[in-house]
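Everything below concerns the one structure shown next.
The values are calculated or read from the model by the stated rules, or taken from the named source; none is laboratory data. Just so we're clear, the structure is a prediction, and the values are computed from it rather than from any experiment. As a convention, Cβ positions derive from the backbone with ideal geometry for all residues, glycine included, and neighbour counts pool all protein chains shown. Just the protein is used for accessible areas: all its heavy atoms, side chains included, with ligands, DNA and RNA removed. Shrake-Rupley method; radii C 1.70, N 1.55, O 1.52, S 1.80 Å.
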Amino acid sequence: MSGRTPRLFEVFGFTTTHEALAAEQLLKDLGVPLTPIPAPRALGGALCGIALRLDPPDVPRAEELLERAGMSPAARGSIEDV
């Protein structure tokens, strides 16, 4: 057992792998910390297999940067993870 306590994260899901990878690269290049993860089923079945996990305080900045770039997640949700 790892002993790490689960925390709440926000997850962005995308329709295509291309969109997910482009969003990941943009946000990383602009200093937004994130972790690519397998897309949780709870986000919906019409998404690609990649989602981006972000700390809740980083979400407003990520949304703003994606919007400025003409990108937006197709789905968004919250998960507990370590």
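Summary table below
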| read-out | value |
| --- | --- |
| Filtered residues of region 6-20 (kept if under 17 Å from Ser78 (Cα atoms) and open to solvent by 30 Å² or more (accessible area, probe 1.4 Å)) | Pro6, Arg7, Leu8 |
| Qualifying residue in region 26-39 (condition: in contact with a Leu (Cβ under 6 Å, 6 or more places away or on another chain), touching a residue at least 60 places away in the same chain (Cβ under 8 Å) and not basic (Lys, Arg)) | no |
| Any hit, region 9-16, residues being within 20 Å of Glu80 (Cα to Cα) and of a type in the set (Gly, Ala, Ser) | yes |
| Pairs, first under 14 Å from Glu24 (Cβ atoms) in region 54-82, second open to solvent by 50 Å² or more (accessible area, probe 1.4 Å), C-beta under 6 Å, six or more apart | Leu65/Leu30; Leu66/Ser72 |
| Residue count, region 40-51 (criterion: outside any loop (DSSP other than H, G, I, E, B) and either under 15 Å from Glu19 (Cβ atoms) or in contact (Cβ under 8 Å) with a residue 60 or more places away in the chain (or both)) | 3 |
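Residue-by-condition table, conditions (1) outside any helix (DSSP H, G or I); (2) open to solvent by 80 Å² or more (accessible area, probe 1.4 Å); (3) not charged (D, E, K, R):
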position: Arg4; (1), (2), (3): yes, yes, no
position: Ala22; (1), (2), (3): no, no, yes
position: Ile37; (1), (2), (3): yes, no, yes
position: Arg53; (1), (2), (3): yes, no, no
position: Asp58; (1), (2), (3): no, no, no
position: Glu64; (1), (2), (3): no, yes, no
position: Glu67; (1), (2), (3): no, yes, no
position: Pro73; (1), (2), (3): yes, no, yes
position: Glu80; (1), (2), (3): yes, yes, no
